[in-house]
Amino acid sequence: MKKLLFIVASFLMVACGVKKSEYNKIVAQRDSLLVAIDSLIKVNDELNNGEERLMNYIKLYNENKDYISALEKLNKLKQYHKESPMFAKHKNMFSEIERRAQIVADSIAKVQRDSIKLAGINELGQWYIGDFVNDFDEPTGEHFVYSEIYGTFSNSATASSRLKVYVQFLHYAFKDPYDYSVRFLFDEYNDGTYEKEECTSIKVVNKQLRKVYREYSASRYDYLEDSNGEVYSTKGILSEEGEYEFEMRFKYGTVYRFNIDTKYINNALVKARLKRIEDL
């Protein structure tokens, strides 16, 4: 900086015919200003980051339970006064400030994440919210999530005939309200009657990941396992939003094939109070 000013001043002196005495006066004024600027920077830095001043700020913010601001000043104390005896003297207070500031920061981050999730919570895609009713056809306050999708079925009498699949996500009775399961109802030919055949095998493919799951129990589809033998709940698999291919085989050679797009399923589960927003 000084070298640059010297070059510029020299050029002006030559170009404008400035006397050497005047030039020296300008240089002296420049140097004086630079010294003053350095002094002001040091004073300002001391005002903002002086050990005693920082310690006073830390105590004040801590007493007012403003742990984020207290931590900010504590970090400055660490930066500018690494050898300060304050670290040993106030070790417990500093540790508590760091702990409480982390709790506050985590809470703020959670609120921000939940706000982002809630911003699009009304997007449900193909999913709907249903209401359970009592014997008097009055809502019980309990909800379920459902969708009607279409696929095909084949057996010895038909091939690739129309199949309606009614998919439900509903909670277990007398259990945690956030503990839900998945249920499938099948309507061959879409004639309003649901089949009651026993499923003998299942194959589910996550189309994005090309990951294959098969039945864990021969007669139930609550749990599936992958090629490595890892066991997953069906509800857990489907809550990973994506598109899934189902192939289900039943007694007497009947085969059902259908796809389920679970995009927005978690929004529906939250709105039906089957899942907590923080669990998304």
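Data for the structure
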{"read-out": "Filter pass, Arg273 being part of a loop (DSSP other than H, G, I, E, B), in contact (Cβ under 8 Å) with a residue 40 or more places away in the chain and in the same structural domain as Ser161 (by TED's automatic domain parsing)", "value": "yes"}
{"read-out": "Residue in segment 238-261 that is polar (S, T, N, Q), buried (at least 16 other Cβ atoms within 10 Å of the Cβ), touching a residue at least 24 places away in the same chain (Cβ under 8 Å) and not in a loop (DSSP other than H, G, I, E, B) present", "value": "no"}
{"read-out": "Test result for Asp226, under 29 Å from the mean Cα position of the chain (by Cα) and at pLDDT 90 or above", "value": "yes"}
{"read-out": "Count - residues of segment 153-177 that are out of contact with any Lys or Arg (no Cβ under 6 Å at 6 or more places or on another chain) and within 23 Å of Asp261 (Cα to Cα)", "value": "13"}
{"read-out": "Index of the failed condition, Arg99 passing every other in (1) without any contact (Cβ under 8 Å) to a residue 40 or more places away in the chain; (2) outside the structural domain of Tyr61 (by TED's automatic domain parsing); (3) of a type in the set (Lys, Arg)", "value": "(2)"}
{"read-out": "In segment 114-171, residue surrounded by the most Cβ atoms within 10 Å (Cβ to Cβ) [restricted to those that are under 18 Å from Ser239 (Cβ atoms) and among the polar types (S, T, N, Q)]", "value": "Ser147"}
{"read-out": "Which listed residue, of Phe184, Phe87, is among the hydrophobic types (A, V, I, L, M, F, W, C) and not assigned by TED's automatic domain parsing to the domain that holds Glu51", "value": "Phe184"}
{"read-out": "Sole residue being modelled with pLDDT of 90 or more, surrounded by 12 or more Cβ atoms within 10 Å (Cβ to Cβ), of a type in the set (A, V, I, L, M) and over 30 Å from Thr262 (Cβ atoms), chosen from Ala88, Ala101, Ala9", "value": "Ala101"}
{"read-out": "Restricting segment 123-165 to residues that are aromatic (Phe, Trp, Tyr) and modelled with pLDDT of 90 or more, the residue that is farthest from the chain's Cα centre (by Cα)", "value": "Phe153"}
{"read-out": "Subset tally (residues that are exposed (fewer than 13 other Cβ atoms within 10 Å of the Cβ) and polar (S, T, N, Q)) for segment 200-216", "value": "1"}
{"read-out": "Condition broken by Tyr221, with the remaining ones in (1) surrounded by fewer than 18 Cβ atoms within 10 Å (Cβ to Cβ); (2) closer than 30 Å to Asp279 by Cα satisfied", "value": "(1)"}
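The values are calculated or read from the model by the stated rules, or taken from the named source; none is laboratory data. Note that the coordinates shown come from a computational prediction; the quantities given were computed from them, not determined experimentally. All Cβ positions, even for glycine, are placed from backbone atoms using ideal geometry, and neighbour counts span all protein chains on display.
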